[in-house]
Amino acid sequence: MITLAYSYLMLDLVSFRYIFGIPPLILVLLPAASSDCDIEGRKGNEYEKVLMISINRLDNVIEIGSNCPTNESNFLKKHSCDDNKEAMFLYRAARKLKQFLKMNISEDFNLHLLIVSEGTLKLLNCTGKVKERKAPSQGEGQPIKNLEENKLLKEQKKWNDLCFLRRLLEKMKTCWNKILRGAKDP
Amino acid sequence: MTILGTAFGMAFYLLHSVSGESGYAQNGDLEDAEPDDYSFSCYSQLEVNGSQHSLTCALDDPDVNSTNLEFEICGALLEVNCLNLNKLQDMYFIRTKKFLLIGDSEICVKLGQKSITCKIMNIVKIVKPEPPFDLRVVYREGANDFLVTFNTSHLKKIYVKDLLHDVAYRQEKNENNWMNVNLSSTKLALLQRKLQSGAMYEVKVRSIPDGNYFEGYWSAWSPSYHFRTPETNGTGKMDPVLQTVSILSFFSVALLVILTCVLWKKRIKPIVWPNLPDHKKTLEQLCKKPKKNLNVSFNPESFLDCQIHKVDGIQARDEVENFLQGTFPPPLEESEKQKLVGGVQGTSWPSEHAVLTPETFRGDSPLRCLPGNVRACNIHELPSSRSPNCRDDGKNWSRVYQGLLLSPGTTNGALLPPFPFQSEIVTLNPVPQGQPILTSLGSSQEEAYVTMSSFSKISEL
């Protein structure tokens, strides 16, 4: 009787493990195995006739010169256009571009920013969802000392953001060229 | 009662609804009514107003009641999912910046909230360019052509920049006889020779996307331009200078031909194609003809009446050298001169006569003429043509002997002959008549010229 009860208990434990143990493991491992992007614009017409025009227009609007810091941003350190990861990089970069809409530089700026972002996503046709880490807020919880310091901080932030945007657009152009070159030379 | 009333009400209601579903209609036309054709077509125009694009749609059937119809576009838009078009008379129109220009969109005809018909379209594949403008035609006299130029607003756009243009022109009196030329630039040259002279022409142009990503429809025609081609006289107006030169050249050539024909035989042909000279005739012509009755001929038969003395050989004599050292004979007296002359005449002349050749001496060779024997002498006065006519030889030979006589009396310096040949002695022998003269006055040194006697040969005696 006791043996029977013990055996039933063990069976329940095993079942419990399989029911409650493995699925979470699968869920954890799932993001690394998914995110499948199919690049549709490999011929280059969409990029050459639409995206590249908007990227160049954004470069003209930015006009910050060559005084940007040389150190790479965290985003670009983490994500790069490596082999077989071009689509993923472009996907993340396109989504990142939307954050710059908040800068409200101009209507024309926003328009072309959207064209580059939405157009890239349209061409990539990624099926998996990639969670982006929320950018850490800088000093939101810190008390503001005075208006001038706040203004300076905003200006500095804007400058840094523009530098990062310009760098990001350069990386996207390079990655697109890499994809199109690969399409011409299989 | 209540139950009964409810039952009747339900029956009536059911009867009403069944009658409605069975097709009964108050309006009898509905059964035979055909569904409205809501097919439509659309075109887009990019950057028509700054960075704004436009989309224009219209129903294919203008008779369709479009009172409550709406057009909606969804997909390939920025920030929004769908946009509604605005109705403008019989067309539906929207102007917006929110076209993504990548990917397909769905355009639907909606009646209320219900979509009647939908089409999948790509905004970049239904582009209709704006019509060209500022069309002009300029005549270029130097190039003999008409330069057609026009302008298009797409040159300043960022998306639809590359277009294909269609230039159409016709003679105004020939309706519907349009000539078309396709080009990608905004300039075209029409050759004058391909157009009618003195005619009025009409030209117009339209555009279409070049097909490299952007596609669509032909734009509207540009406003026409009219021009007149210049008048030409027949084959064309020639330059007067060129005309004069061509006439003069023609007459010059004609004159040249006539002169050539006239003078060909007498003047031109002897120069261009001279006859080979006969040496005998040539020499006859070259030789100076004697004055009177002298027969210059190489025909041996002419000398039949002359006695010819054969010259066997020529010997050099040493004593000629001593002559130059001053041993000149004394001048002959007149009687001796007469004797000499007579002696000469007394000989068997004309059976004998001297065949003298112009000869030269050594630098200091003496010269001596002895009577009775004709020797080689300085013959300055030797006639150039030694006439074989023996009848008149007396006069000529007297001239010879005068030379002979004179020579001893002269000084040494005068005696020197002009020719640098060795003195020679001619030995004369009578030769039977009829025999040709054979003389071969060869000297030990080579002669620089051919003597007259070398033309004929001594036949075997």
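The values are calculated or read from the model by the stated rules, or taken from the named source; none is laboratory data. Being a predicted model, the structure only gives us computed values, none of them experimental. Cβ coordinates were reconstructed from backbone atoms using ideal geometry, including for glycine residues, and neighbour counts include every protein chain displayed.
Counting only strands (runs of 3 or more DSSP E) that sit completely within the range B:101-177, those holding 1 or more residues that are touching a Ser or Thr at 6+ places or on another chain (Cβ under 9 Å) and among the aromatic types (Phe, Trp, Tyr) correspond to B:133-140, B:145-151. Among the candidates B:95, B:136, which residue alone is over 21 Å from residue A:46 (Cβ atoms), within 60 Å of the chain's Cα centre (by Cα), modelled with pLDDT of 95 or more and not small (Gly, Ala, Ser)? B:136 is the lone residue from the list that is over 21 Å from residue A:46 (Cβ atoms), within 60 Å of the chain's Cα centre (by Cα), modelled with pLDDT of 95 or more and not small (Gly, Ala, Ser). Can you find a residue in the range A:53-62 that is part of a helix (DSSP H, G or I), of a type in the set (Lys, Arg), within 14 Å of another protein chain (Cβ to nearest Cβ) and crowded, with 18+ Cβ neighbours inside 10 Å? Yes, the conditions are met somewhere in the range A:53-62.
If the condition is being hydroxyl-bearing (Ser, Thr, Tyr), at pLDDT 95 or above and outside any strand (DSSP E or B), then the range B:188-233 contributes B:217, B:219, B:222, B:224. Residues that are under 16 Å from the mean Cα position of the chain (by Cα) and either of a type in the set (Phe, Trp, Tyr) or at pLDDT below 85 (or both) do occur in the range A:85-99, at least one of them.
Consider residue B:75 carefully, then state whether it is without any contact (Cβ under 8 Å) to a residue 60 or more places away in the chain, within 14 Å of another protein chain (Cβ to nearest Cβ) and farther than 16 Å from residue B:126 by Cβ. No: the conditions fail for residue B:75. From the list B:189, B:220, the one residue that fits, being over 30 Å from residue B:125 (Cβ atoms) and in contact (Cβ under 8 Å) with a residue 24 or more places away in the chain, is B:189. Screening the candidates A:48, A:72 for the property of being away from chain B (no Cβ under 12 Å), out of contact with any strand residue (DSSP E or B) (no Cβ under 8 Å at 6 or more places or on another chain) and either in contact (Cβ under 8 Å) with a residue 40 or more places away in the chain or in a helix (DSSP H, G or I) (or both) yields one hit, A:72.
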